[in-house]
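Presented below is the structure to which this report refers.
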Amino acid sequence: MKQLRTAAQVLTRLGTISALVVSSNLAAELLTLEENGATQIMAKIRATMSGETAKAGESVPWEFSYQQDGADKIVYLDSHLPLTVKQDGEPLDISLYRVKVNHDDALLTLSSEEDADAGGSIMMIGYPGATNNQATRFHANFSEHIVLETEVRPEHPRQIGEEGHKIDIELNTPQELLPTENEIGILGTSSANQPLTIFVFKHDDVQETVSSLIHEHFSWWVKHMNDISEEYRKTNHVPLFSELVIDFRTDSTIQSFKYRGEPRERLKELAKEMRRYKKNNGILGSFKRNKFLLMTEKMMDWKTLGIAYQGGEYAMAADDDEQVAAHEIGHMLNGRHDKADVIYNGWWCESILYWQHIFLRASCHYYTDANKDAITDYLK
Ligand SMILES: [Zn+2]
């Protein structure tokens, strides 16, 4: 017989009672991963926290628990995080939520059915959000009744035996790849009504599922960009974009592109293919609103993790480090290295657009204020 524990019972066992959790409905049944399984938990999350009810402010606080090292962890669902994930223009059922695990801010990603069927994790939780400067992060990957939780710390450089990588070089768009008069002309309409779309091409050598790429490389970036847009809205009464869209696209030439080699030369060749794709597929709208990114398994050469045109449309990023895609998108939105920084807050972290990556340092998962301003100026 299935036993349903209440939130109150679990909290008693936790020993500490969070005011946040207590304020929610203690009489409600608490689903647990061990007893109910991830599929049932996901169905409940989708039913109570769907985008429509969240927008209408009708979503109710809700939580579930899982066990890690003999202790209960309670995942408290805070709000739906607006992001539309697409495959070749068709929406996928991948959704993101701001959550708390016990007391810590975290992000929850629910996979698409396609990815779950392919044997990927069906739910993923990651720390920290953009406000957490701690060096340690954890990732929890859920299958039906099992959670695999790993703790990630910056590695000691002596164990790695190298000083670190220069991320990339800042590059201007070559003359022949600049936006046409027509593409610049479309800028006229209000930015608040337009989505910001990142067209992502997953290279054939990338093994990760779409859901897992979204979780690792984009979920925290989406949260950060939504925060930047909300900050802008406070003083200007309009957001920076109507919505964020990440659209995974299929193109055999781009997905099998030989990206290894001299990075500037490789990006120029890739950009020609992306431009061809854009034209053939009728992707219209401002060049400021449509960005094209190839995600690769390996680096472009021994020292280059990614490369992008400054304020431009085309980029590539290796999937080794979770800040690289956001770094290259940051360049396309006109962010710069000289506005980035290493920040100390109990531990050193590199802000997204910092020029170098050293293993000892953590990733901040946010742009500095100077780069936030540059990005805001570009998008507004
Ligand atoms: Zn850079």
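Read-outs throughout are calculated quantities, based only on the coordinates presented, and are distinct from any laboratory measurement. The structure presented is a predicted model; accordingly, all values stated were derived computationally and were not measured. Methodologically, a virtual Cβ is constructed for each residue, glycine included, from the backbone with ideal geometry; neighbour enumeration extends over all protein chains shown.
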Next on the checklist: Given the C-alpha atoms of segment 189-237, compute the convex hull and give its volume per residue in Å³.
Outcome noted: 79 Å³
Item to check | Full-stretch length increase - K303, D205 - with 0.36 nm per residue and alpha-carbon distance subtracted | outcome: 33.4 nm
Checklist entry - When the Karplus curve 6.51 cos²θ - 1.76 cosθ + 1.60 is applied with θ = phi - 60°, which whole-Hz ³J(HN,Hα) does each residue of segment 371-377 get, with x for Gly and Pro? => result 6, 4, 5, 4, 5, 4, 4
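Please give the contour-minus-distance gain from D369 to A71: 0.36 nm per residue of separation, less the Cα-Cα distance, rounded to one decimal in nm. Mind dumping the intermediate values first?
Details: separation 298, 0.36 × 298 = 107.28 nm, distance 3.84 nm.
Once the chain is fully extended between D369 and A71, it gains 103.4 nm.
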Item to check | Residue exposure sequence - S351, S111 - by fewest surrounding Cβ within 10 Å | outcome: S351, S111
Checklist outcome for this item: Fewest-first ordering of T250, T296 by Cβ atoms within 10 Å yields T250, T296
Checklist entry - What is the spin-label model distance, in nm, from N281 to E149 if the labels are put 7 Å beyond Cα along the C-beta direction? => result 3.9 nm
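So, R0 is 25 Å and r is the distance between the beta-carbons of E90 and R260; what FRET efficiency does that work out to, to 0.05?
0.20
Normalising by the residue count of segment 159-379, find the relative contact order in percent from Cα pairs under 8 Å and 6+ residues apart.
Details: 410 pairs, mean separation 57.6, N = 221.
After rounding, I find 26 percent.
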Next on the checklist: 7 Å from Cα along Cα→Cβ at both T180 and S79: what's the point-to-point distance in nm?
Outcome noted: 4.1 nm
Checklist outcome for this item: Under the rule rounded for a/c under 1.5, else prolate if a/b exceeds b/c, else oblate, using alpha carbon gyration tensor axes a ≥ b ≥ c, segment 159-379 is classed as oblate
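Using the Cα gyration tensor of segment 231-341, with a ≥ b ≥ c the square roots of its eigenvalues, what is the shape: rounded (a/c below 1.5), prolate (a/b larger than b/c) or oblate (neither)? Each step should come with its number before you reach the end.
Details: a/c = 2.13, a/b = 1.31, b/c = 1.63.
Oblate.
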